[in-house]
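What follows is a single structure, written as structure tokens, with notes after it.
The values are calculated or read from the model by the stated rules, or taken from the named source; none is laboratory data. Computed from a predicted model, the values in this text were never measured in an experiment. A quick note on method: Cβ atoms are made from the backbone with ideal geometry, for glycine too, and the neighbour counts reach across all protein chains shown. To get the accessible areas, we keep the full protein, side chains included, count just its heavy atoms, and leave off ligands, DNA and RNA. Shrake-Rupley method; radii C 1.70, N 1.55, O 1.52, S 1.80 Å.
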Amino acid sequence: MLIHAAAGAVGHAAVQLAKAEGAYVIGTAPADDHDFLRDLGTDELVDDTADFAATVHSVDTALDLVGGDFGPRTLGTLRPGGLLLAAVPGAPGLAPEEAEARGMRCAVITPEPSGERLTKIAALLANTRIRLHVEAALPFTDAARAHELGDAGHRKGALVLALPN
Ligand SMILES: NC(=O)c1ccc[n+]([C@@H]2O[C@H](COP(=O)([O-])OP(=O)(O)OC[C@H]3O[C@@H](n4cnc5c(N)ncnc54)[C@H](OP(=O)(O)O)[C@@H]3O)[C@@H](O)[C@H]2O)c1
């Protein structure tokens, strides 16, 4: 499985969930984040400034957390019949029909609550098979500051806003 933006809040969780399912995981991320991602079990890493499409081939599934031209470029890394999961709202970069015309599949994914999945993830967290890296936790009243930190980039894992009791 290829996971773009693997060091981010969603990406680093996706890496660990894919590993827990037994996948061989290739991540794209800034070079500074490669050690962090290796520690989480990522099997191969591609620098985010490199042309991933030139080195990654024949993957079964790709998760696009970047959007724009990443969708069309990622199609070339898939095996015939492979699946592209486009997760950036409003910017999947290509239509599912386009993927089908090239012999691949594309699904645009949106967050949907599922008690069954959350129970499974809670068990993985409880037995520390996955761990979430919290870069910073801020009180809810600092939401504006959290957005500034998020927009500034160059951080790993998640930013957390803590709700008052
Ligand atoms: N559909 C859904 O269910 C769903 C749910 C949640 C989030 N999302 C979307 O998923 C995306 C990621 O969310 P997030 O919360 O994980 O964001 P995030 O925590 O800001 O992480 C983004 C990561 O991507 C890295 N990055 C930026 N450009 C890259 C590139 N070209 N190649 C590889 N890595 C790159 C960033 O590194 P630097 O900061 O060092 O550049 C950062 O580590 C967002 O667009 C969000 O809207 C979708």
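Per-structure values
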item	result
Residue match in region 148-156 (condition: touching a residue at least 60 places away in the same chain (Cβ under 8 Å) and touching an Asp or Glu at 6+ places or on another chain (Cβ under 9 Å))	yes
Residue satisfying all of: in region 25-81; hydroxyl-bearing (S, T, Y) and farther than 14 Å from H12 by Cβ; nearest to the ligand (Cβ to nearest atom) among these	T49
Region 1-11, subset within 8 Å of the ligand (Cβ to nearest atom) and outside any loop (DSSP other than H, G, I, E, B), residue farthest from F70 (Cα to Cα)	A9
Among residues of region 1-25, those that are farther than 19 Å from P111 by Cβ, without any contact (Cβ under 8 Å) to a residue 40 or more places away in the chain and of a type in the set (A, V, I, L, M, F, W, C), counted	2
Segments classed as strands (runs of 3 or more DSSP E), wholly inside region 16-64, with at least 1 members that are open to solvent by 30 Å² or more (accessible area, probe 1.4 Å) and at pLDDT 95 or above	44-47, 59-64
Residue among R129, R105 that is touching a residue at least 40 places away in the same chain (Cβ under 8 Å) and more than 16 Å from the ligand (Cβ to nearest atom)	R129
Residues of region 49-71 satisfying the condition of being at negative phi and either without any contact (Cβ under 8 Å) to a residue 40 or more places away in the chain or of a type in the set (S, T, N, Q) (or both)	T49, A50, D51, A53, A54, T55, H57, T61, D69, G71
Members of region 86-98 found to be within 9 Å of the ligand (Cβ to nearest atom) and at pLDDT 85 or above, listed by number	A86, A87, V88
Failed condition for G82, given (1) over 21 Å from I130 (Cβ atoms); (2) not in a strand (DSSP E or B)	(2)
Count - residues of region 132-160 that are among the hydrophobic types (A, V, I, L, M, F, W, C) and either within 13 Å of the ligand (Cβ to nearest atom) or in the same structural domain as A20 (by TED's automatic domain parsing) (or both)	9
Residues within region 119-155 that are closer than 26 Å to A29 by Cβ and not in a loop (DSSP other than H, G, I, E, B), tallied	17
Yes/no for V15 being touching a helix residue (DSSP H, G or I) at 6+ places or on another chain (Cβ under 6 Å) and assigned by TED's automatic domain parsing to the domain that holds A95	no
